[in-house]
Amino acid sequence: MEPLKILIIGDSCNDVYTYVKSNRLAPDKPVPVVEIIDKTYTPGMAMNVYKNLESFGANVDIITNNSWENFIKERIVDKNSNHMFVRIDKGNVTESFQFDVNLILSYDTIIISDYDKGFLKTTDIEDICVVHPQVFLDTKKVLGPWAQDAKFIKINNYEHDRSEKFIKSSLQEKVIQTMGGDGCLYQGVNYPVEKVDVMDVSGAGDTFLAALVYDYTTNHSIEEAIQFANRCASLVVRKQGMTTV
């Protein structure tokens with residue numbers, strides 16, 4: 001029997017971490033003087049979901065902007081304390097998704113990892129959800145009727161607050177709301193997480209999504225998948241920078 005196939009659709013970037021040390025303030029302005037120690041480059045956004053699913057051994061493909069390496073999110077971070085001084089975004093997502101129904105239907109599960117950078121329109125997301133019965137949607141867009149055919153919708157606290165007045169009961173029953181250290185909420189049930197020392201939350205939502213989809217596609221229990229995703233997200237927040245399980 002062939003392994004189940006997963007397709008990720010979404011916008012990606014190049015996550016750059018520039019690690020520095022700072023021992024003094026500038027004499028002319030009250031800003032830190034930094035010395036660069038190290039720099040790392042990691043595929044981010046939808047590509048981070050892809051890398052996490054790869055780490056689980058999933059049979060996964062991705063449709064994303066081809067020029068993702070030129071869309072850069074650079075974080076200037078103190079190496080010792082992990083304090084982020086600033087994030088600098090460079091470039092834009094200039095490509096757009098091209099819908100292919102036969103390709104979409106050739107996969108067992110679809111993940112839409114929509115960072116709302118221009119790769120996907122709401123009509124694209126709606127079309128994908130209409131034709132495929134098992135779509136996991138993670139979006140930075142304000143939710144609306146266009147999302148009603150998704151099987152599950154993963155959003156965080158901030159995204160839920162932005163969309164709350166537009167979420168009808170038919171949408172709410174699909175929503176998996178991640179709440180950081182308070183765990184996750186689904187259909188009125190709270191799924192707690194282990195309390196851990198948090199080093200960096202960057203990419204934790206991508207790890208949660210990848211783990212959720214992997215476990216559900218394999219075992220078909222959303223409750224068990226949520227608990228597995230919580231455990232995986234708790235692992236990556238203990239690490240510095242953008243990492244996979």
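Laboratory data are not the source of any read-out in this text; all were calculated from the coordinates shown. What you see is a predicted model, and the numbers here were worked out from it, not measured in a lab. With ideal geometry, Cβ positions are generated from the backbone for all residues, glycine too; neighbour counts draw on all protein chains shown.
Numbers below:
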item	result
Interchain or long-range residues, amide H under 5 Å from residue 193's placed H	183
Amide H within-cut-off set for residue 45, under 5 Å, with H built and near neighbours excluded	13
Nearest-ten-degree value, helix 204-219 long axis tilted from longest Cα axis of the chain	30
Dipole-positive endmost among 43, 57, 16 within the stretch 12-86 (Cβ charges, Cα centre)	16
Computed magnitude of the charge dipole of the stretch 132-207 (debye, nearest 20; Cβ of K, R +1, Cβ of D, E -1)	380
All lysines inside 17 Å of residue 174 as judged from Cα atoms, apart from same-chain residues fewer than 8 positions distant	140, 141, 151, 154, 165
Contact order relative to length of the chain, as percent, for alpha carbon pairs under 8 angstrom and 6 or more apart	18
Rg(Cα)/(2.2 N^0.38 Å) for the stretch 5-236, N = residue count	1.07
Share of pairwise Cα separations in the stretch 168-245, more than 21 Å, in percent	25
From phi via Karplus (6.51, -1.76, 1.60), per-residue ³J(HN,Hα) for the stretch 12-21 in Hz, x at Gly/Pro	10, 9, 9, 7, 10, 10, 9, 8, 10, 10
The chain: angle of helix 222-236 to the longest principal axis, Cα-based, in degrees nearest 10	10
Simple Cβ-charge dipole of the chain, Lys/Arg +1 and Asp/Glu -1, about Cα centre, in debye nearest 20	740
